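Since the structure comes first, as structure tokens, the remarks are kept for the end.
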Amino acid sequence: MVAPLKLGIAGLGTVGAAVVTMIEQRADVLSARCGRDIKVVAVTARSKTKRRDLGLDGVSWAKDALALANDPEIDCFVELMGGSDEPALSAISAALANGKSVVSANKALIAKHGLKLAALAEKHGGAFNFEAAVGAAIPVVKTLREGLTGTDIDRVYGILNGTCNYILTRMEQEGLSFEACLADAQRLGYAEADPSFDIDGHDTAQKLSILASLAFGIKVSQSAVSVEGITSISPADLRAAAELGFRVKLLGVAVRTKTGIEQRVHPTMVPKSSSIAQVMGVTNAVTIDGVGMPPITLVGPGAGGPATASAVVADIADVARGIRALPFGRPVAKLEATKKAPMEHHEGGYYIRLMARDLAGTAATIATRLAEQQISIESIVQRHPDGAFEADGQPRKSSPVPVILITYATSEDAVRRALQAVQRDKVISGKPQVIRIEKN
Ligand code: HSE
């Protein structure tokens, strides 16, 4: 009879509670699948007295995460506290240095300290598993690290933040305000404790940097990712996108270019007919372009207790089975250096929304400035906004008019130069809105 795998769980919030419940409810199945029992023997959390209804009778309570990581009774330390630094960092380091295995859902910490922790795991022989850190229930870490070991990958991209996709979906479909949608995402337990990590794109960047490391054999580095969030996206952009046959999604993209691996996070126009555009609400999706084969797309719930617990428990099951994959798919010493690709070299199509002065010659000036930069326009739409008309139905001269342009592929540098010139010409008011287009 093989001894049970004894777990210490740090963090009993939404995810921790769901993990404890799943291990209890699925005990027989897990035992059959792993060839041994899995038991929670010790826990710790911020509040010992909080009512939890988790059936933790007989489970010991450690005074803090570090004490739990050093507890000789546990084989595997499960870190579900979150936070990119302490106390999670010292606790995980101690567990790995003790030769224990570690399972973590903490993308912020892995994006920042993952290399150091992977090196500790390599040195001391424990596993360091973090499937739940990216895409919650979607097994994308395993897919890249194990399922596609032999495949040469050109690009990995996707919707990696449930909160942002939930907000954009509801703003588009129900015409709700950004603030109302964010409040709902918080209420439903999707958003980070500080939701600016979601809406400013940093959560997506952390997840993307982990995927890029696994896909391309590069060092995980959040600072190598160019990041823009969704706070500038207005209902007007979502309406214009819909009219032009697009949807706006916050995408994380890691792609092989002539100058290295480009990693970027930004709101993106995707054709309404594309598979990524069908991904709605809190759902995440990751597409992997492997050389010599059609793309692989994985779609599933990207946030929430049960979805995240599914991946955490699968990682624990691997530890129980004795599987020890290298955390980033190859020894840390063999991961290549990462550098930040300058976004001004990015090439692609662009959506541009300008508030133009409604005067003769404005459109011509804009077209001239774009032409000077060799930017070719695919479509141009001018709309009088509601309330911009006089009683006789004529447009009110003083009101600026939204002009929406879609360009063919060009460089970001060219777009920036053209728009600076248009601003100098004083034919527009306010700051131009620019959204990159990803066509396939
Ligand atoms: N705040 C994250 C999201 C949780 O909305 O996707 C899952 O990582």
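Pair-distance distribution of the chain: all C-alpha pairs, bin width 20 Å, starting at 0; shares per bin in whole percent are 25, 49, 21, 5, 0.
A simple count of charges around GLY201, restricted to other residues whose Cβ falls under 11 Å of its Cβ and scoring Lys, Arg +1 and Asp, Glu -1, yields -2. Most tightly packed first, judged by the mean number of other beta-carbon atoms within 10 Å of their residues, the peptides 149-162, 40-53 read 149-162, 40-53. Packing-based ranking of 337-343, 424-430 yields 337-343, 424-430, ordered from highest to lowest mean Cβ neighbour count within 10 Å. Applying 1/(1 + (r/R0)^6) with R0 = 25 Å to the Cβ-Cβ distance of HIS124 and ILE323 gives a FRET efficiency near 0.90. Each 5 Å bin, from zero up to the one with the longest distance, holds this percent of the alpha carbon pairs of region 273-428: 2, 7, 10, 10, 11, 12, 11, 9, 8, 7, 6, 4, 3, 1, 1, 0. Using the alpha carbons alone, the radius of gyration of region 273-312 stands to its Kirkwood radius in an Rg to Rh ratio of 1.07. Normalised by the number of residues in the chain, the mean separation of alpha-carbon contacts (under 8 Å, six or more apart) gives a relative contact order of 16 percent. Tell me which of THR368, ALA127, TYR157 sits at the most positive position along the dipole axis of the chain, charges placed on C-beta atoms (Lys, Arg +1; Asp, Glu -1). Of the candidates, ALA127 comes out farthest on the positive side.
Remark: spin-label model distance ARG51-GLU73 equals 2.7 nm, labels positioned 7 Å along the Cα→Cβ axis. Over the residues of the chain, the helix contribution to mean residue ellipticity at 222 nm works out to -10000 deg cm²/dmol, using -39500 (n - 2.57) for each DSSP H run of at least 4. Against the chain, whose longest principal axis is taken from its Cα atoms, helix 202-216 shows a tilt of about 70°. Full extension of the chain segment joining GLN420 with ASP194 gains 77.9 nm, where the gain is 0.36 nm per residue of separation less the Cα-Cα distance. Ranked by the mean number of other Cβ atoms within 10 Å of their residues, highest first, the peptides 268-277, 68-77 come out as 68-77, 268-277. Near MET280, once Lys and Arg are set to +1 and Asp and Glu to -1 for all other residues with Cβ below 11 Å from its Cβ, the sum equals +2. Straightening the chain between ASP413 and LYS63 buys 120.6 nm, computed as 0.36 nm per residue apart minus the Cα-Cα spacing.
The angle separating the long axis of helix 412-424 from the principal Cα axis of greatest extent in the chain is about 40 degrees. Rounded to the nearest 10 degrees, the inclination of helix 305-321 to the longest alpha-carbon principal axis of the chain is 40 degrees. Per the Debye calculation on region 1-157 with a single equal scatterer at every Cα and no solvent contribution, log₁₀ I(q)/I(0) for q = 0.21 Å⁻¹ amounts to -1.50.
Computed from the coordinates by the stated procedures, all read-outs in this text should not be read as laboratory data. Given the structure is predicted, the values throughout are model-derived calculations rather than measurements. No Cβ is skipped: glycine too gets one built from the backbone with ideal geometry, and neighbour counts run over all protein chains shown.
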